[in-house]
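Novice: This is the structure I have questions about; it appears just below.
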Amino acid sequence: MPLPKFDYLRPQTTEELAATLAEHGADAKLFAGGTDLIVVMRDKLVRPKYVIDIKGIEELRELSWDERRGLTIGAAVTLSELIASEVVRERFGALWKAAGTLADPTIRNRATLVGNICNASPAADTAPALLVLWAEVEIVSANGKRVIPIREFFKGVKRTALEQGEFVRAVRVPNPPEGAKEDYLKWGRTRGEDLAVVGVAGLVANSGKKLVRIALSSVAPTPLIVPEVEGVFKGGGSVEGQIDKAASIVVEKISPISDVRAGKEYRLHMAGVLTKQILKRILGAS
Amino acid sequence: MKKYSYVGKGVPRIDAFEKVTGTAQYTADLRLPGMLYTKLLKSPHAHARIIRIDTSEAEKLLGVRAILTGKEVPYKFGIYMQDKETLAQKKVHHVGEPVVAVAADTEEIAEQAVELIKVEYEELPAVFDQRDAMKEGAPLVHERLHEYKHAPFIFPKPHTNIANHFKLRKGDVERGFKEADVIVENEFYQPQVQNVQMETHTSIGQWLPNGQINIWTSAQSPFAVRHLLSVGLGVPIHKINVVVPYLGGGFGGKAGLHWEPLVVLLSRKAGGRPVRLVMTREEQFNTTAVRQGFYARVKTGVKRDGKIVAEELLFLWDAGAYADYGVNITRAAGYSCTGPYEIPNVKCDSITVYTNHPYGTAYRGFGHPEFHFATERQMDLVARAIGMDPVEFRLKNAALPGRITATGEKLREDAGRVDECIKVVVEAIGWGKKEPKQVGGKLRGKGIAALWKAPAMPSYTSSSAILKLNEDGTVTLSIGSIEMGQGTPTALAQMVAEELQMPIEKVKVVTKRETDFSPYTWQTVASRGLFMEGNATLDAVRKLKEQVRETAAELFGVPKEELVVAEEKVFVPGKPDKSMPLAKLATAGIFPDGRGIGGPVLGYGMYTAEGLTNLDPETGQGLPALMWTFGAQGAEVEVDSETGEVRVLKMVSAFDIGKSINPVLLKGQVYGGIVQGIGSALMEEFIFNEKGALLNNNLTDYKICRAQDIPDEFVFIPIENPQRNAPYGVRGVGEHVRISVEPAIANAIYDATGVDLFEIPMNRERVWRALKQRGEKVASA
């Protein structure tokens, strides 16, 4: 099925990209992997006059890590590249695992992590992992640069904090606290490739003060972190009891809908199940 | 001692190279000079009157060559019921029905034109559930049903939504229930699903000004396309040529006529230019045909000793907007309704009901996967009610040779054996073996289900084959049956090579089917191909040999009875001087002095289904079956009661196929069918909103099995009790492999969890709900 007519632009530098967006922002769509954009264009849900391909910008291909700054994932880095990275696998386990559950290998060869968050689907697979990892989003426009926490990036279904003329240059993920354990669990309708009915990322660390973070996808208009979970583990009681309490808080704080993929009741139930599973795993409880 | 042996061997597919390298041509690969591209404007409503269509803006668009509306094409098509409109005429019958078609120089232009067309509708009350559609005063999907032409064995009820009511009456079911010690009654339900062929429906049509119609199409039935088009348009058959290249999957959904009339009519309006239509995946779900939805009520009367004495069945089919094959599916399921068991008193009403859903058509198994879900679940439920092992219960009632089917047919002595199938499956799955019920917190269980099916077709259908001897002694076989992945051409090449005792590399089976040249066959459906084309091919081999011997007898001056055709020669055994390569006879025999004799060697073979009769309209009694293929499926599952996930660990299957011609291709058929069955059992379903719009018309939300969803282990056990009137004893099995997968899994889920499921798909959420409900009941008890 043909796409609506558009002009294809391929800037070579971020400056050029910022200038192009400043000029055409209202009529333009950024094009990285295209695995979301092409679908909505084919369905005529969007009809951009300009499609701006960012894959020609070398700077956006950056995938780097250092001890101080942590991980930097440029806007053109594909999920397959991320999965192939040793440092991501060893130091950012939840993110590595989440990336590997997104769609299937053919999609991951094209799709980018930044594209996944900019699409701002409530079901974005990489979002919960980025949330528990305290990731930051580096936003650039012709007017300059700003950095915001990923928590403030998602504004609603398919809506982000990006203003007209802005683009995400990279996602930065700080190194997890010493001794952190993290994981991502995804529940779909089948074992094969599927969108998340519920996705849960968890992170625990015990360096100085106890950290417990739980974030979810597909259970609210945006992927979200449930900060109230942390308080449960500050108090006493058995780990099992704490885990049950944490799961019930999660179920209370989320607001899933019923749709063609699952009913609200099942999503609430599975959010609780996955929260317990992931906490058991990362807290080492049986 | 035979030099060449191919039958029973796993020789590689003859089309493997083309398909693996991508050189095999499918309809969508064809590009004809001047070809136009089609886009459709489809109905957003399930049921609405068309008030006005304004195409004026679209007509102005450069590159638009033809715009067609239903008013201009007042034809009705249909294989058994002439009800199908090419484009909606006065009203739309379902969401996704084509209303206007545009043919343009490019797909882009056609699509732009469609966006410029305005249609005004007046919505009508719609009906979506076949039970509601049967009620007095329900909105009528077809008000003129009483005027429609239909096949004599289809029984519509005028001024209702009933397109066919098949009745089966054997014995006295009321008396039977009185004799019964226990009566068990249950209801079962299945939604509409789709065949999900990799290749979507694709057709190219050309109606030349001289009256010649040319069609290239993704069809399972080129001769049916030609015939139905001829009837529907009133064009003589010799003016229509239908070409079918390779088919990218059929599964029944490409049987009969689909979009061929539309492209042909567009071409006529575009002055004879070829017009192509390729359905998008969304259109494949919304607009092309699907599998009917199904509701069943089954009431069984049984004696304490396990003998079933009476069964009453009601099958209600959600045919959607048009009857298509649905009316004959209703009939086929009706006459097979008992499953592979002998029951003395049977009453079955199998009813096709129009609704405002997408229209139903054939789907691998032709109603049998649907009704076996009901009857094979019922077998377990009845066995439980009398405290009998479900295997023992099935064997006790099994339809063995000599027993009487529901239509009064006495099963032949060489009919297959369902009891053998059941026994080997039970053995291989470890039925009754003490094994842990819980593994890693998950529940395990086993279930079995038996099955039978005969080809569903008119009583007199036929096939033919042409075998030509080429100038170098190679041979070329032409058949009308399509290659759609099932491998029939390979199996036929094996038979030809074996019969002629020549290398299989020297046997070619023509890939393209073209009605102007190919020998006739009814259709490539019903698991009939290997049996019927096989018999026709063997007949063609006999005729070819006969012609060779006649000519050679003259040349050698010996009686033709003394001559043998083998190893690419014709010869008198033991007389080296009376021997001649076949190549020397291909075009004519030649005497030493140069005189010619005989002529080009060509064997024309045919076969017509034997021993079938019409069924009595009131009782369904008669002989509907060319052959019965029996089988059994066993499933071992693991259920996670926390999430509702059902994982099929192992599938064990046995079918009495008579003879395995190619064990490798056979295995492919079996595994593929089971995977398709698992998809239907665990995940596939059409989900509509309250206005009848399909919410999951794509492969994101209509789930089919992917590699991760298939069982860890397959065990297939062929049973080979030959059928005497079949080529090498074979029986069809293309559909059977996909039958009774659902009930075997459902029965295993019960074994694992103690929860009975009556509805498919048994997806995670539905199983979770059922387990939760049971938990709540137990808690409150």
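No value in this document is a laboratory result; all are computed from the given coordinates. Computed from a predicted model, the values in this text were never measured in an experiment. Cβ coordinates were reconstructed from backbone atoms using ideal geometry, including for glycine residues, and neighbour counts include every protein chain displayed.
Novice: Against the empirical 2.2 N^0.38 Å scaling, what ratio does the C-alpha Rg of chain B come to?
Specialist: 0.99
Novice: Could you work out how far helix A:239-253 tilts from the main Cα principal axis of chain A, as a 0 to 90 degree angle to the nearest 10?
Specialist: Helix A:239-253 and the main axis of chain A meet at about 40 degrees.
Novice: Of all DSSP beta bridges in chain B, what percent run antiparallel (nearest 5)?
Specialist: 80
Novice: What translational D, rounded to a whole number of µm²/s, comes out for the range B:245-339 from Stokes-Einstein when the hydrodynamic radius is the Kirkwood one over Cα pairs, at 10 °C and 1.306 mPa s?
Specialist: 93
Novice: Shifting gears a bit: Where the eigenvalues come from the Cα gyration tensor of the protein assembly as shown, what are the semi-axes √(5λ) of the equivalent ellipsoid, largest first, in whole Å?
Specialist: 53, 38, 31
Novice: When the expected Rg is taken as 2.2 N^0.38 Å, what fraction or multiple of it is the alpha-carbon Rg of the range B:275-429?
Specialist: Ratio of Rg to 2.2 N^0.38 Å for the range B:275-429: 1.21.
Novice: What net charge is computed for the residues neighbouring B:Tyr702, neighbours being all others with C-beta under 15 Å from the C-beta of B:Tyr702, Lys and Arg scored +1, Asp and Glu -1?
Specialist: With Lys, Arg at +1 and Asp, Glu at -1, the net is -3.
Novice: Using alpha-carbon positions, what is the distance between the centroids of the range B:67-138 and the range A:247-286, in Å?
Specialist: Rounded to whole Å, the Cα centres lie 44 Å apart.
Novice: Among the DSSP beta bridges whose two residues both lie in the protein assembly as shown, what percent are antiparallel, rounded to the nearest 5?
Specialist: 80
Novice: Kindly write out, for the range B:3-8 in residue order, the coupling ³J(HN,Hα) from the Karplus curve 6.51 cos²θ - 1.76 cosθ + 1.60 (θ = phi - 60°), rounded to whole Hz, with x marking Gly and Pro.
Specialist: These are the phi-based 3J(HN,Hα) values: 7, 10, 10, 10, 5, x Hz.
Novice: Provide, in order from the shortest bin, the percent of all Cα-Cα pairs of the range B:1-141 in each 10 Å bin, continuing until the bin that contains the maximum pair distance.
Specialist: 10, 26, 24, 16, 13, 8, 3, 1
Novice: State, to one decimal in nm, how far the label point of A:Asp53 lies from the label point of B:Arg724, with both points 7 Å from Cα in the Cβ direction.
Specialist: Simple spin-label model gives 7.0 nm for this pair.
Novice: Then there's this: Would you kindly work out the equivalent ellipsoid of the range A:7-53 from its C-alpha gyration tensor and give its semi-axes, the square roots of five times the eigenvalues, largest first in whole Å?
Specialist: They are 20, 12, 7 Å, listed largest first.
Novice: Give the Rg/Rh ratio for the range B:58-101, taking Rg as the radius of gyration of the Cα atoms and Rh as the Kirkwood radius, to two decimals.
Specialist: With Rh from the inverse mean 1/r over Cα pairs, Rg/Rh is 1.07.
Novice: When you take every Cα atom in the range A:198-251, what is the radius of gyration, and what is Dmax, the widest Cα pair distance, in Å?
Specialist: Radius of gyration, then largest Cα-Cα span, for the range A:198-251: 11.5, 34 Å.
Novice: What does the structure give for A:189-199 when I average, per residue, the other chain Cβ atoms found within 10 Å of the residue Cβ?
Specialist: 5
Novice: What is the sum of charges around B:Lys118, taking Lys and Arg as +1, Asp and Glu as -1, for the other residues whose C-beta is under 15 Å from the C-beta of B:Lys118?
Specialist: -3
Novice: Something else about it: Can you list which of the trypsin sites (Lys or Arg not before Pro) found in the range B:666-760 are DSSP loop residues with at most 13 other C-beta atoms within 10 Å?
Specialist: The qualifying sites are B:Arg724.
Novice: Follow-up. What translational D, rounded to a whole number of µm²/s, comes out for the range B:665-781 from Stokes-Einstein when the hydrodynamic radius is the Kirkwood one over Cα pairs, at 25 °C and 0.890 mPa s?
Specialist: This corresponds to a translational diffusion coefficient of 145 µm²/s.
Novice: Give the peptides B:740-748, B:289-297 in descending order of average Cβ contacts within 10 Å, highest first.
Specialist: My ranking of the peptides, most packed first, is B:740-748, B:289-297.
Novice: What is the sum of charges around B:Arg297, taking Lys and Arg as +1, Asp and Glu as -1, for the other residues whose C-beta is under 13 Å from the C-beta of B:Arg297?
Specialist: -1
Novice: Right, another one. Taking Rh as the Kirkwood radius, which is the inverse of the mean 1/r over Cα pairs, what is the Rg/Rh value for the range B:116-225?
Specialist: Result: Rg/Rh = 1.10.
Novice: Turning to a different aspect of this structure: Could you work out the mean count of beta carbons from other protein chains within 10 Å of each residue's beta carbon in B:706-712?
Specialist: The shielding value for this peptide is 3.
Novice: Also: Loop sites only, by DSSP: take the GluC sites (Glu not before Pro) in chain A that have at most 12 other C-beta atoms within 10 Å and name the longest stretch containing none of them.
Specialist: The reported range is A:179-286.
Novice: Which three lengths, in whole Å and largest first, does the range A:181-283 cover when its Cα atoms are put on their principal axes?
Specialist: 44, 25, 22
Novice: Suppose every Lys and Arg Cβ carries +1 and every Asp and Glu Cβ carries -1, with no other charges. What dipole size does the range A:181-283 come out with about its Cα centre, to the nearest 20 debye?
Specialist: With only Lys, Arg, Asp and Glu charged at Cβ, the dipole is about 200 debye.
Novice: If I take R0 = 51 Å and measure r between the Cβ atoms of B:Ile590 and B:Val664 in this structure, what FRET efficiency does the formula 1/(1 + (r/R0)^6) give, to the nearest 0.05?
Specialist: Efficiency for this residue pair is about 0.75.
Novice: Quick one: putting +1 on the C-beta of Lys and Arg, -1 on the C-beta of Asp and Glu, what dipole do you get for the range A:7-53 around its Cα centre, in Debye to the nearest 20?
Specialist: Result for the range A:7-53 is approximately 260 debye, rounded to the nearest 20.
Novice: Also, quick follow-up: Taking loop as defined by DSSP and a crowding limit of 16 other beta carbons within 10 Å, which GluC sites (Glu not before Pro) in the range B:599-656 fit?
Specialist: Here the sparse-neighbourhood loop sites are B:Glu610, B:Glu618, B:Glu642.
Novice: Taking a spot 7 Å from the Cα of B:Ala16 along the direction of its beta carbon, which residues of the range B:443-486 have an amide N less than 19 Å from it?
Specialist: B:483-486
Novice: Quick one: P(r) of the range A:58-173 from all Cα-Cα pairs, 10 Å bins, percents rounded to integers, in order of increasing distance.
Specialist: Calculated P(r), rounded to whole percents: 14, 51, 30, 4.
Novice: Over all Cα pairs of the range B:41-116, how is the pair count split among 5 Å bins, expressed in % and running from 0 up to the last occupied bin?
Specialist: Result, from short to long distances: 3, 16, 24, 22, 18, 11, 4, 1, 0 percent.
Novice: Taking 8 Å as the Cα distance limit and 6 or more residues as the minimum spacing, I'd like the relative contact order of chain A as a percentage.
Specialist: It comes to 16 percent, rounded to a whole number.
Novice: Using Cα atoms only, what is the angle between the long axis of helix A:14-24 and the major principal axis of chain A, expressed in degrees (0 to 90) to the nearest 10?
Specialist: Here the helix axis deviates by roughly 70 degrees.
Novice: Moving on to the next point. Strictly over 29 Å apart at the Cα level, which of A:Lys158/A:Lys280; A:Lys181/B:Lys703; B:Lys19/B:Lys254 would you flag in this model?
Specialist: Check vs 29 Å cut-off fails for A:Lys158/A:Lys280; A:Lys181/B:Lys703.
Novice: While we're on this one: Which one, B:Leu68, B:His146, B:Pro191, is farthest towards the positive end of the dipole of chain B when Lys and Arg carry +1 and Asp and Glu -1 on their Cβ?
Specialist: It is B:His146, whose Cα lies furthest towards the positive end.
Novice: Continuing with this model, one more query. Within 10 Å, at most 13 other Cβ atoms, and a DSSP state outside H, G, I, E, B define an exposed site. Report the longest part of chain A free of exposed trypsin sites (Lys or Arg not before Pro).
Specialist: Of all site-free stretches, the longest is A:70-233.
Novice: Hey, another quick one. Cysteines without a disulfide-compatible partner in chain B, using Cβ under 4.7 Å as the rule?
Specialist: Taking the Cβ cut-off of 4.7 Å, the unpaired cysteines of chain B are B:Cys421, B:Cys705.
Novice: With just the Cα atoms of the range B:191-257, tell me how far they stretch along each of the three principal axes, in Å, largest first.
Specialist: 43, 22, 15
Novice: Given labels modelled 7 Å from the Cα in the Cβ direction, how far is it in nm from B:Asp181 to B:Ile404?
Specialist: 2.4
Novice: Could you quote the convex hull projected area for the range B:522-668, Cα atoms only and averaged over all directions, in nm²?
Specialist: 16.3
Novice: How much length is gained on full extension from B:Arg542 to B:Ala151, taking 0.36 nm per residue of separation minus their Cα-Cα distance?
Specialist: 137.2 nm is the gain from fully extending B:Arg542 to B:Ala151.
Novice: Note down the nm distance, to one decimal, between modelled labels 7 Å out along Cα→Cβ at B:Glu413 and at A:Glu252.
Specialist: 7.9
Novice: Roughly how far apart, in whole Å, are the Cα centres of the range B:188-252 and the range B:629-698?
Specialist: 28
Novice: Same structure again: Any of A:Lys5/B:Lys71; B:Lys347/B:Lys659; A:Lys29/A:Lys155; B:Lys91/B:Lys157; A:Lys49/B:Lys39; A:Lys97/B:Lys772 with alpha carbons more than 25 Å apart? Name them for me.
Specialist: The answer is A:Lys5/B:Lys71; B:Lys347/B:Lys659; A:Lys97/B:Lys772.
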